[in-house]
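Working notes, structure below.
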Amino acid sequence: MNHFSDTSKKRLETCHKDLRVLFAHVVIDFDCTIVEGFRGESEQNKAYDEGKSKLRFPNSKHNKRPSLAVDAAPFINGAISWKHDDLLFFSGYVKGIADQLYRMGVIGHRIRCGSDWDKDGAVSDETFRDEPHYEIIPNERDV
């Protein structure tokens, strides 16, 4: 059975409970790593400067405590894969598990993937691609 490394566990622990529950389910059948949960100011601004984020600190969901966003990547053939197709396949799997957990009442928020920002199911229409990114969609009660 797949499991997270201690490093992935520490990163995931910085995240909102729904993200922790989601990825605890994902890793059972799809080996993956947690790349990042909470991001401090220097990490966020570096991600922005490198074009990996559209937001400067403190405006990203990664900058909240607990983090409302997580970056995760699949292990394919025993190694992290950054290939576009692998990341898209993985994001579809994660989104499917998230939708199922939400419908069952296991998590209290829907999840948006960085591969489908507008949530229309089409990934080819996105102008900013951030396939490893998953974030909490606020409910009315969260606002």
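Just so it is clear, none of the values below were taken in a lab; they were calculated from the coordinates. Here the structure is a predicted model, which is why all the values come from computation and not from measurement.
Looking at (i) 48, 32, 25; (ii) 37, 36, 35; (iii) 106, 23, 22, which value of Cα extents along the principal axes in Å comes from a calculation on the structure shown? Here Cα extents along the principal axes in Å agrees with entry (ii). Considering only VAL106, VAL21, VAL94, the mean-square fluctuation computed in a Gaussian network model of the chain, springs between alpha carbons under 10 angstrom, is largest for VAL106. Taking a threshold of 23 Å on the Cα-Cα distance, which of the pairs LYS52/LYS95; LYS46/LYS119; LYS9/LYS64; LYS17/LYS83 fall above it? Table pairs above 23 Å Cα-Cα are LYS46/LYS119; LYS17/LYS83.
Take every pair of alpha-carbon atoms less than 8 Å apart whose residues are at least six positions apart; their mean separation over the length of the chain yields a relative contact order of 23 percent.
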